[in-house]
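Below is one structure, written out as structure tokens, with a few remarks after it.
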Amino acid sequence: MADKIFKSDAEWREKLTPEQYQVSRLGGTEPPFSGKYCDEKSSGTYACASCGEALFASDTKYDSRSGWPSFWRPIDAASIGEITDESHGMRRVEVLCARCDGHLGHVFEDGPQPTGLRYCINSASLNFESSEDQD
């Protein structure tokens, strides 16, 4: 993971779209099945929309039928932060980008093997770089 990033609220507002800001800086959630990466099947890397940290590889993405892009493992566990979220009358684990503290989504223990985890991530928190573009 690259060095920690700190920006003012005004700097985040200037850098991000209103939807990205609402989700990644204010902890919002996009409506299910509305995100641009929900049905994405190309090979590549999903990075934090706020800071560019590489978070998930496409070969760990799967269709969880939850309405959000889902992954069974991050590229590097150190790039993901977790905090307990007890909002909405339930106990969940919120997932953050460890580099910039941007809200990504939540992780659940109902995913496929080999991890049994489902990282349920908002498309608005991600940028996708196709493997074709990385060459």
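Here, each number is a calculation from the coordinates, and none is a lab measurement. Please read these numbers as outputs of a predicted model, since none were measured by experiment. Don't worry about glycine lacking a Cβ; one is built from the backbone with ideal geometry, like all the others, and counts go over all protein chains shown.
Sorting His106, His88 by the number of Cβ atoms found within 10 Å of their own Cβ, with the fewest placed first, yields His88, His106. Volume per residue of the convex hull around the Cα atoms, evaluated for the range 80-135, comes out as 117 Å³. Other residues within the sphere of radius under 15 Å centred on the Cβ of Leu96, judged by their own Cβ, net out at -1 (K and R +1, D and E -1). Considering only the Cα atoms of the chain, their convex hull presents on average a projected area of 8.2 nm².
Please give the net charge around Asp39, taking every other residue with its beta carbon less than 11 angstrom from that of Asp39, where Lys and Arg add +1 and Asp and Glu add -1. Here the charged neighbours net out to +1.
When each of the peptides 57-66, 14-23 is scored by how many other beta carbons lie within 10 Å of its residues on average, the order from highest to lowest is 14-23, 57-66. Summing charges over all other residues whose Cβ lies under 12 Å from the Cβ of Cys51, with Lys and Arg as +1 and Asp and Glu as -1, gives +1. Bridging of Lys61 to lysines at a Cα separation below 29 Å is possible for Lys4, Lys15, Lys36, Lys41, once same-chain residues fewer than 8 apart are set aside.
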